[in-house]
Amino acid sequence: MPKRKLGRKSGPRRALLRSQVTNFLKEEKITTTESKAREVRRLAEKMITLAKKGDLHSRRQALAFILEEDVVSKLFEKIGPRMEVKEGGYTRMTRVGYRRGDGAPLVVLELVV
């Protein structure tokens, strides 16, 4: 699983990452802290690689991680085929500044078209 603990125990950390990966694949773009974005990027790229395979086993593995079935359908029907020619590097992180409350560095994580 993740390299970074993100200040959480394993259960809440897994739940946070699952929901962020789900939202990222649904919206194709999220703004979050840099450390969370690095973890989301690792997991999202694994999900996209599963979608590129496109077989039933890969779909079930993605369904076990992603929270919404319609996001898995989008991943396998739209995002996977779009990334078919790429060998990796499906995401881009762009720094956008610092959060007002605590000064945490913020980034925009987006899918590369």
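Each reported figure results from applying straightforward, stated rules to the coordinates on display, with no laboratory input. Note that the structure is a prediction, hence the values are computed from the model and not measured. Every residue, glycine as well, gets a Cβ built from its backbone with ideal geometry; the counts of neighbours run over all protein chains shown.
Numerical summary
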{"read-out": "Value at 222 nm in deg cm²/dmol, rounded to 500, when DSSP H runs of n ≥ 4 in the chain each add -39,500 (n - 2.57)", "value": "-15500 deg cm²/dmol"}
{"read-out": "Contour excess over end-to-end distance, with Cα ends at R8 and E45 and 0.36 nm allotted per residue", "value": "11.1 nm"}
{"read-out": "Candidates E34, E87, E45, ranked by Gaussian network fluctuation over the chain, Cα under 10 Å, top entry", "value": "E87"}
{"read-out": "Extended-chain gain in nm, criterion 0.36 nm per residue less alpha-carbon gap, Q61 and M93", "value": "9.0 nm"}
{"read-out": "Nearest-ten-degree value, helix 10-27 long axis tilted from longest Cα axis of the chain", "value": "70"}
{"read-out": "Rounded tilt (10° steps) of 56-65 against the dominant C-alpha axis of the chain", "value": "20"}
{"read-out": "Neighbourhood charge, 9 Å Cβ-Cβ cut-off, centred on F24 and excluding it, Lys, Arg +1 and Asp, Glu -1", "value": "0"}
{"read-out": "Where Cα atoms sit under 22 Å apart: lysine pairs in the chain separated by 8 or more or lying on different chains", "value": "29"}
{"read-out": "Backbone HN-Hα couplings from phi across segment 96-105 [Karplus 6.51/-1.76/1.60, Hz, Gly and Pro as x]", "value": "10, x, 10, 6, 5, x, 10, x, 5, x"}
{"read-out": "Debye, to nearest 20: dipole size of the chain, +1 on Lys, Arg Cβ, -1 on Asp, Glu Cβ", "value": "580"}
{"read-out": "Rounded to 10°, Cα long-axis angle of helix 34-53 versus longest principal axis of the chain", "value": "0"}
{"read-out": "Positive-end residue, segment 10-111 charge dipole about Cα centroid, Cβ charges, pick of S35, V107, G88", "value": "S35"}
